[in-house]
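One structure is given here, and the rest of the page talks about it.
The values are calculated or read from the model by the stated rules, or taken from the named source; none is laboratory data. Everything numeric in this text was worked out from a predicted model, so none of it was measured. Cβ: placed from backbone, ideal geometry, glycine included. Neighbour counts: every protein chain shown.
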Amino acid sequence: MLAKAAAGEASCSFISAAGSEFVQMFVGVGAARVRDMFQKARDKAPCILFIDELDAIGRARGHHSRGSGADTEQEGTLNQILTEMDGFSSEDSGVIVLAATNRVDILDKALLRPGRFDRKIQLTLPDIRGRALIFQVHLAPLKCDMDKVDLSKKLAAKTPGFSGAEIANMCNEAALIAARDACAVISMLHFEQAIDRIIGGMEKKGRILRPNEKKITAYHEAGHAVAGWFLEHCDPLVKVSLIPRGESLGFAQYQPNDKRLYSKLELHHQICRLLAGNLAEELFFDQTTTGAKDDFEKVTKIAYSMVTEHGMSNRFGKLSFSNNDDFPTYSSATDQLVDEEVREIVRAATVDTQTLLKSKKEDINKVAERLMQKEVINQEDMIELLGPRAYKEEQTYEELTEETSHKLDADLPDNLDS
């Protein structure tokens, strides 16, 4: 979409192709298609030529090579692209070549040299200001019950980590929910329901929890909620629900921010909150269930990243072990030590979480009972049951952008303001 938008802004022709379109079983076909595509672009100059999934044909030569016909065809296609992009062939041609890939690490170095793909632009998920601007675009054709600029800021604060496509989908879901409710305008409630659906999956209203399942799930979710409430570096709680969504019997929604730097203590608190659900089951029922699968996967991922990527291991110190399956950078003995260090991180978090939950056992009871009674509880319920959280929570657009240079600049450019 960005490449197409660039062509529109430059008032020039646009040609797009996927890398997989050039990979053929017959040797020479891919190279011929590359020649035809570049010739077509030159004929339509000025033109922007966009190749999606460049790694399909731009993989480094010799990488996984087995000498097969497929390898020969892939390398021949790559060589033709390199030839077409050389200054001798493309000088003053009026053709700009753009490409996209999510595997830049495996691209052939010749593709990335100056004169070819020499500018690398990383497209990350939008920050809170970017989300607010994207919301304004997708809210423009919708009938809402509040000012759309204010609404875009509130929704941007509630949707950290959302991509542009997810924002568009969320706005569409909110409109569908409002239509099903026979509402003439879309309210904040409809948008919140759309967020729940995108994050947690569809509600399974026909799935009735048995009393024992409901009780165990309530205490599991209460464990998460209470641990997060009393741990400083956990994200603010938005709501907890016992309504099954997707494959989950319960659903807890938190509001993470857009921060990119985490301390060892912050990651430790995240692990503690993730373990709290399973440990609450153990505390109240003397047994655990299979409901913590997703929690354990996240715990394992965080713990391994602390040891192998971020130098947060007491045993290894400030080392990082690259995750390269083809060429391991450390021995099998070190691999075993990594596993032991990860287990120690999780063990320490388990001990801290058990201590916290035992000291807050009555609070867990309160939250679980309210959850079984109402099925959905929000932050107001938690404040009523446990008192205000002791730590500052940044939840509004203004609070989340307080320390940035663009804190209140969420106005669309003139050409998009319609």
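Here are the numbers for this structure:
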{"quantity": "Qualifying residue in segment 292-300 (condition: out of contact with any helix residue (DSSP H, G or I) (no Cβ under 8 Å at 6 or more places or on another chain), among the acidic types (Asp, Glu) and either farther than 18 Å from LYS264 by Cβ or touching a residue at least 12 places away in the same chain (Cβ under 8 Å) (or both))", "calculated": "yes"}
{"quantity": "Selection within segment 210-266 - basic (Lys, Arg) and more than 24 Å from the chain's Cα centre (by Cα)", "calculated": "ARG210, LYS214, LYS215"}
{"quantity": "Residue tally, condition touching a Leu at 6+ places or on another chain (Cβ under 9 Å) and closer than 16 Å to GLU398 by Cα, over segment 150-180", "calculated": "7"}
{"quantity": "The one condition in (1) without any contact (Cβ under 8 Å) to a residue 40 or more places away in the chain; (2) of a type in the set (Gly, Ala, Ser); (3) farther than 30 Å from GLY58 by Cα that GLY115 fails to fulfil", "calculated": "(3)"}
{"quantity": "Residue count for segment 92-121, restricted to those that are assigned to a loop (DSSP other than H, G, I, E, B) and under 28 Å from the mean Cα position of the chain (by Cα)", "calculated": "10"}
{"quantity": "Test for ILE364: is it touching a Lys or Arg at 6+ places or on another chain (Cβ under 8 Å), among the aliphatic types (A, V, I, L, M) and modelled with pLDDT of 90 or more", "calculated": "no"}
{"quantity": "Candidates LEU242, LEU274, LEU267, LEU249 - the one that is touching a residue at least 60 places away in the same chain (Cβ under 8 Å) and surrounded by 14 or more Cβ atoms within 10 Å (Cβ to Cβ)", "calculated": "LEU242"}
{"quantity": "So GLY8, is it exposed (fewer than 13 other Cβ atoms within 10 Å of the Cβ), modelled with pLDDT under 90 and in a helix (DSSP H, G or I)", "calculated": "yes"}
{"quantity": "Residue list for segment 134-166, filter: touching a Pro at 6+ places or on another chain (Cβ under 8 Å) and surrounded by 15 or more Cβ atoms within 10 Å (Cβ to Cβ)", "calculated": "ILE134, PRO160, PHE162, SER163, GLY164"}
